[in-house]
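Below: the structure, in structure tokens.
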Amino acid sequence: MNFQFYLEKLINAEEFQKFKKENPNAYLCSGFFSIDKEKEDNHQQHLDYYVPELEKMFSFKLLKEEKVEMLPIESFNSSEEKKIPNKINDNYDFDFKDIEKMVDGKMFDEKINKKVLKLLFSLQNQEGKDHLIGTIFISGLGMLKCSIDLQEKKVVEFEKKSFFDMMKIVKK
């Protein structure tokens, strides 16, 4: 699916229109996309908006039949440090199939011949650039971490890990 398709689905939803009317300064600050290759009906999309006046973030879960569910995010800041999330450009026209092809190409280059099971992408602005941060689960208890620069449409970071790398093994 295409990012603009998800964004338009959100913008046309009645609940989001009501939210924008009440919070005209709210802006897109992050997104989450889950693509399950084993269970085709197990995809998720969330787009998050920050309201500067309220210092709060709201996540919109895209549902079937042009509906959305608004989920207020309780607190994403610690009481000591107030971070204002960066605004994300909302006029990107990328397709997740193309993103998946980029990952497949990088896997080929790195000689990783495992099956992709699930792709998780987080849309974020880091250091003034919009990125898709990917966590891709592959067969053999493997995992890929990648970062895709959306302006340049290229993979800028790519690393293969194992679930065992993340577990701390303590000897008795």
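Rule-based calculations on the coordinates, nothing more; no lab input. Being a predicted model, the structure only gives us computed values, none of them experimental. Heads up, the Cβs are rebuilt from the backbone with ideal geometry, glycines too, and the neighbour counts pull from every protein chain shown.
Which of the following residues is surrounded by 14 or more Cβ atoms within 10 Å (Cβ to Cβ), of a type outside the set (D, E, K, R), in contact with a Phe, Trp or Tyr (Cβ under 9 Å, 6 or more places away or on another chain) and more than 24 Å from Lys161 (Cα to Cα): Val51, Val103, Val116?
Of the residues listed, the single one that is surrounded by 14 or more Cβ atoms within 10 Å (Cβ to Cβ), of a type outside the set (D, E, K, R), in contact with a Phe, Trp or Tyr (Cβ under 9 Å, 6 or more places away or on another chain) and more than 24 Å from Lys161 (Cα to Cα) is Val51.
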query = Restricted to region 92-114, and to residues that are in a loop (DSSP other than H, G, I, E, B) and free of Cβ contacts under 8 Å to residues at least 40 places away in the same chain, which residue is farthest from Gln45 (Cα to Cα)?
reply = Lys111
inquiry  = Looking at (1) among the basic types (Lys, Arg); (2) buried (at least 17 other Cβ atoms within 10 Å of the Cβ); (3) closer than 23 Å to Ile136 by Cα, which one does Lys39 not meet, given that it meets all the others?
reply    = (2)
task = Scan region 7-35 residue by residue and report those that are among the acidic types (Asp, Glu) and either within 18 Å of Leu63 (Cβ to Cβ) or in contact with a strand residue (DSSP E or B) (Cβ under 8 Å, 6 or more places away or on another chain) (or both).
result = Glu8, Glu14, Glu15
ask   = For region 5-51, how many residues are part of a strand (DSSP E or B) and under 18 Å from the mean Cα position of the chain (by Cα)?
value = 17
